[in-house]
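Here is the structure we will look at, set down as structure tokens.
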Amino acid sequence: MNMSRPRLQVDEIDEFRRELSEAALRRFSQSGYADFTLKELASDLGCSNAKPYRYFRDKNDIFDAVRALSYERFAAALEAATAADRKPLERVRQMMHAYVRFGLEEEHAYRVMFELEQPRGHEVPPESFEKQLRAWRIWTAAIGDAVESRALEGDPQLVAHVLWTGVHGLVALYLAGKLILGRELDDLESPVIDASLRAHRRGTSD
């Protein structure tokens, strides 16, 4: 009698990997990398402790998949914000607002992207690293267009980094619960973005 485990269909594999990745995203965000366990993940999913190993090698493999998923969503949000037919400076402005919105609406993904690190020596798979770079390419392309059109001035890579640190700092303070000194995120979002852009304008008004 053949007691071997039945082969999984491709759609079954993809569906469970998506379900597992969503659960792992929440678990990594809440527990951190070091305290994340496959046992707890299996409990969240209502499956056996062994089942995740049918789809992923280990915790590192799951984390790579979860981080790649997070960056895919992040890139899609930035891409949507820059897709409309607007002037280059307005595309950058909308992209910066989209960055902040993503941090609020996709908190688990944001924390996984920017707050968690794997142990030293772990090599991120090339396909996962490429997905991380996609969001940065969208960010720098929009800013490069604004510099080329003379709406902004400066080295595009430097401007991209400066604008990034402005919105990232705002989201990080919000997620850390530090905006408690009289101004909330909604009060600060537009002023921070406007001031960041103004610092790289050519002296003309919007």
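Select the helices (runs of 4 or more DSSP H) contained entirely in region 97-206, then report the ones holding at least 3 residues which are closer than 23 Å to residue 25 by Cβ.
107-114, 126-148, 156-175
State whether the residues of region 49-57 include one that is over 22 Å from residue 123 (Cα atoms), over 22 Å from the mean Cα position of the chain (by Cα), modelled with pLDDT of 90 or more and crowded, with 16+ Cβ neighbours inside 10 Å.
no
Looking at residue 33, is it surrounded by 15 or more Cβ atoms within 10 Å (Cβ to Cβ), within 15 Å of residue 113 (Cα to Cα), under 13 Å from the mean Cα position of the chain (by Cα) and modelled with pLDDT of 90 or more?
In short, no.
Which of the residues belonging to region 37-70 are of a type in the set (Lys, Arg) and either more than 16 Å from residue 134 (Cα to Cα) or not in a helix (DSSP H, G or I) (or both)?
Within region 37-70, 39, 51, 54, 57, 59 qualify.
Restricting region 71-96 to residues that are free of Cβ contacts under 8 Å to residues at least 60 places away in the same chain, part of a helix (DSSP H, G or I) and not charged (D, E, K, R), which is surrounded by the most Cβ atoms within 10 Å (Cβ to Cβ)? Spell out how you get there, then give the answer.
Our first condition is that a residue be free of Cβ contacts under 8 Å to residues at least 60 places away in the same chain; within region 71-96, this holds for 73, 76-77, 79-81, 83-86, 90-91, 94-95.
Filter once more, so that each one left must be part of a helix (DSSP H, G or I): 73, 76-77, 79-81, 90-91, 94-95.
Then keep just the ones that are not charged (D, E, K, R); that gives 76-77, 80-81, 94-95.
Details: 76: 15, 77: 20, 80: 13, 81: 22, 94: 19, 95: 24.
Residue satisfying both the conditions and the ranking: 95.
Could you tell me whether residue 185 is in contact (Cβ under 8 Å) with a residue 12 or more places away in the chain and surrounded by 11 or more Cβ atoms within 10 Å (Cβ to Cβ)?
yes
Based on this model, can you work out whether residue 94 counts as more than 10 Å from the chain's Cα centre (by Cα) and at pLDDT below 90?
Considered against the rule, which asks whether it is more than 10 Å from the chain's Cα centre (by Cα) and at pLDDT below 90, residue 94 comes out as no.
Name every residue in region 49-95 that is in contact with a Ser or Thr (Cβ under 7 Å, 6 or more places away or on another chain) and charged (D, E, K, R), in order of residue number.
Within region 49-95, 64, 67, 91 qualify.
Sort out which residues of region 127-159 are of a type outside the set (Phe, Trp, Tyr) and within 18 Å of residue 113 (Cβ to Cβ), and write them in order of number. Break it down into steps so the answer makes sense when it comes.
As a first pass, look at region 127-159 and keep what is of a type outside the set (Phe, Trp, Tyr): 127-128, 130-135, 137-138, 140-159.
127, 128, 130, 131, 132, 133, 134, 135, 137, 138, 140, listed by residue number.
Run residue 30 past the list (1) touching a Lys or Arg at 6+ places or on another chain (Cβ under 9 Å); (2) under 29 Å from residue 196 (Cα atoms) and report the number of the one that doesn't hold.
(2)
Checking the condition modelled with pLDDT of 95 or more and either at positive phi or of a type in the set (Phe, Trp, Tyr) (or both), which residue from 129, 114, 102 passes?
Numbers: 129 fails: modelled with pLDDT of 95 or more; 114 fails: modelled with pLDDT of 95 or more.
Selected residue: 102, the only one of 129, 114, 102 that is modelled with pLDDT of 95 or more and either at positive phi or of a type in the set (Phe, Trp, Tyr) (or both).
The values are calculated or read from the model by the stated rules, or taken from the named source; none is laboratory data. Every value quoted in this text rests on a predicted model; they were computed, and no experiment measured them. Note: ideal-geometry Cβ built from the backbone for every residue, glycine included; neighbour counts use all protein chains shown.
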